[in-house]
Amino acid sequence: MIVETPVRDLDDVQAGGQAPPAASPVRIEDRQRASVVVPAATAASGTLDISDLNVFYGAFRAVKDTSLPIPARAVTAIIGPSGCGKSTFLRTLNRMHELTPGARVDGSISLDGVDIYGPDVDPVQLRRVVGMVFQRPNPFPTMSIYDNVAAGLRLTGRRSRSELDDVVERSLRRSALWDEVRDKLRQPGTSLSGGQQQRLCIARALAVDPEVILMDEPASALDPIATLRIEELIAELRETYTIVIVTHNMQQASRVSDRTAFFTMGPDRAGYLVEVDDTVKIFTNPREQLTEDYISGRFG
Amino acid sequence: MAVVVAARPSIAARLTGVGVGRRRAAVDVAMRGLALVAALLCVVPLAAVLFFVATRGAPALSLDLITKPPRALGIGGGAANALLGTLQMVPLAALMAVPVGILGAVYVAEFGDRRAAGVIRFCADVLVGVPSILVGIFVFTFLVLPFKQFNAFAGSVALAIIMLPVVMRTTEESLHLVPNALREASLALGVPYWRTVVSVVIRTGLPGILTGSMLAFARAMGETAPLLFTTLGSRLINVGDFGQPMDSLPLFIYVNARQPVNALNDQAWGVAFLLLVIVLVINVAVRARTWGRRIG
């Protein structure tokens, strides 16, 4: 792919702050217990709240007046026809849209009560808490499997060798790739199959210990078997992370998600949220006629 | 008024009649032939140069030519002064041009806004086209005249100016070839932009950057004009004194080829062959390294 416009990160400042400490098994258990036992703690760990969000590219409004809560440690699927602003919406959750010249946002998005567009929030730090997995697997072609997973830690500060070893193994185990690559960690990441590469990218995202993981059609470039493995992985990860997944595939949304948000596009081509509800409800008894038309295949 | 309709010729006559299609076929053959001749003409100069330099130069190449300086008086000796000069001035030029060229390309490709990038890119393209003798005269005015002394440092600066736009443009091209998805992947990990550029973008584009630098290096080795007004040339071996004149392979050819002495002309052929081999080896090595390889 040829880059037409130089990308730039306007607020790119290396913040002095520390990256969040690598998760220990203890902490994971804590998280799980918290989600089960103390509902209040759930609400305060990885919960996103979007209100009156509008996203513009220059004069064009891509997303209009959208408000929705995204619960912690659950999978929220975003579905809707092409061009309805799903990916744009997703990218505002970790401020990746700021890489597009002319993109801006109004309204507010808070993560555990912190306004992620607040003046004190550094987008670079934000992206360590809100990670992202892309449509096409994009491992770094110059790096080995090990280095790909370690990249997030290495490129954000000095780490000891043993710490890196730990994080790499734990991340690869969590992304269900460890058994397949444990004997070839030094081989290039691009030597893996497409599905393995995507799980490598998930491991890479997990290695920096995010709270939220955004997935932008993570399986749309993969074959059915690789897709199934990614879906199984999502089901495991939802115990520990807040997951927001954009998907074109409604069956996938119904399989992997707890909540589903349906977006569509208005006559002005601006995308907006039609409704959000429990996935079962959306797929069996949606409130809106538009949603029903879409999930029954009448448009889109 | 009656409309007279001319009778059409028969289909057989239209398809196979005298002269039908002949003209078109003849023009076709002629134009194809011309295109082929033109294509061959593009190859002939390179083939001819290689042929003449090899046949005249290879026999003149000897150990003396590489290891000995010209004799102080009379005829004989070698071109060690020129070889050593080239091997000092060109690397120093690369030391100046490569970092500046790469950083400039990084600015244009990654950081500059569109208009600034366009202006800088345009200037680099113009600089490629500036006659190299003008670069020599330009450097002469501020690195030779004030000191009243031809010197090798001025020669290196002139060569660096020749190399700079080549390094910058090829680096920029290879940075543009790095997929945007890799920048996004890195930024999404919370890696700062500068670190993404250094560790992901430049790292991924490195083969292309090296190629451009090597090609610029080879080009600078063959430059004569920028050196005439700067380092001047010298019959003495000069190792390390950039404040004094130094010889170079192209200057040696230039000087010796003009002498009315066959032995000196032969030395020029020998050095020409040596220079050609070095430049060809660099070119072929670089192209072999990157043959069929594309990023992403």
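Taking the range A:146-185, which residues are β-branched (Val, Ile, Thr) and over 26 Å from B:VAL198 (Cα atoms)?
Result: A:VAL181, single match.
Of all the helices (runs of 4 or more DSSP H) wholly in the range A:208-300, which have at least 2 residues that are among the β-branched types (Val, Ile, Thr)?
Per the criteria, A:224-237, A:279-284, A:289-295.
Quickly run through the range B:200-220 and pick out the residues that are more than 11 Å from B:THR170 (Cα to Cα), crowded, with 20+ Cβ neighbours inside 10 Å and within 14 Å of chain A (Cβ to nearest Cβ).
Of everything in the range B:200-220, those that are more than 11 Å from B:THR170 (Cα to Cα), crowded, with 20+ Cβ neighbours inside 10 Å and within 14 Å of chain A (Cβ to nearest Cβ) turn out to be B:VAL200, B:VAL201, B:ILE202, B:THR204.
Does B:ILE253 fit the bill of being closer than 27 Å to B:PRO59 by Cα, out of contact with any strand residue (DSSP E or B) (no Cβ under 9 Å at 6 or more places or on another chain), in contact (Cβ under 8 Å) with a residue 24 or more places away in the chain and surrounded by fewer than 17 Cβ atoms within 10 Å (Cβ to Cβ)?
So B:ILE253 does not fit the description; no.
I'd like the full set of residues that are among the hydrophobic types (A, V, I, L, M, F, W, C) and over 23 Å from A:ALA203 (Cβ atoms), limited to the range A:241-262.
Those that are among the hydrophobic types (A, V, I, L, M, F, W, C) and over 23 Å from A:ALA203 (Cβ atoms): A:MET250, A:ALA253, A:ALA261, A:PHE262.
Checking A:GLU239 against (1) away from chain B (no Cβ under 14 Å); (2) modelled with pLDDT under 95; (3) crowded, with 18+ Cβ neighbours inside 10 Å, only one condition comes out false. Which one?
In the conditions (1) away from chain B (no Cβ under 14 Å); (2) modelled with pLDDT under 95; (3) crowded, with 18+ Cβ neighbours inside 10 Å, A:GLU239 misses (3) alone.
Considering only residues that are in contact with a Leu (Cβ under 6 Å, 6 or more places away or on another chain) and of a type in the set (Ser, Thr, Tyr), look in the range A:130-174 and name the one that is surrounded by the most Cβ atoms within 10 Å (Cβ to Cβ).
Here the residue is A:SER171.
For the range B:271-284, indicate whether the set of residues that are closer than 24 Å to B:LEU127 by Cα, among the β-branched types (Val, Ile, Thr) and part of a loop (DSSP other than H, G, I, E, B) is non-empty.
no
Output the residue which, of all residues in the range A:156-191 that are under 26 Å from B:PRO192 (Cβ atoms) and among the polar types (S, T, N, Q), is modelled with the highest pLDDT.
Once the filter is applied, the top-ranked residue is A:SER171.
Would you pick out the residues in the range A:126-135 that are over 12 Å from A:ILE213 (Cβ atoms) and either more than 8 Å from chain B (Cβ to nearest Cβ) or free of Cβ contacts under 8 Å to residues at least 24 places away in the same chain (or both)?
Result: A:GLN135, single match.
With the structure loaded, tell me whether A:ASN138 is in contact (Cβ under 8 Å) with a residue 60 or more places away in the chain and within 14 Å of chain B (Cβ to nearest Cβ) or whether it fails that test.
Spelling it out, A:ASN138 is indeed in contact (Cβ under 8 Å) with a residue 60 or more places away in the chain and within 14 Å of chain B (Cβ to nearest Cβ).
The values are calculated or read from the model by the stated rules, or taken from the named source; none is laboratory data. Keep in mind that what you see is a predicted model, and the values were worked out from it rather than measured. For neighbour counting, all protein chains shown are included, and Cβ atoms are generated from backbone atoms with ideal geometry for every residue, glycine included.
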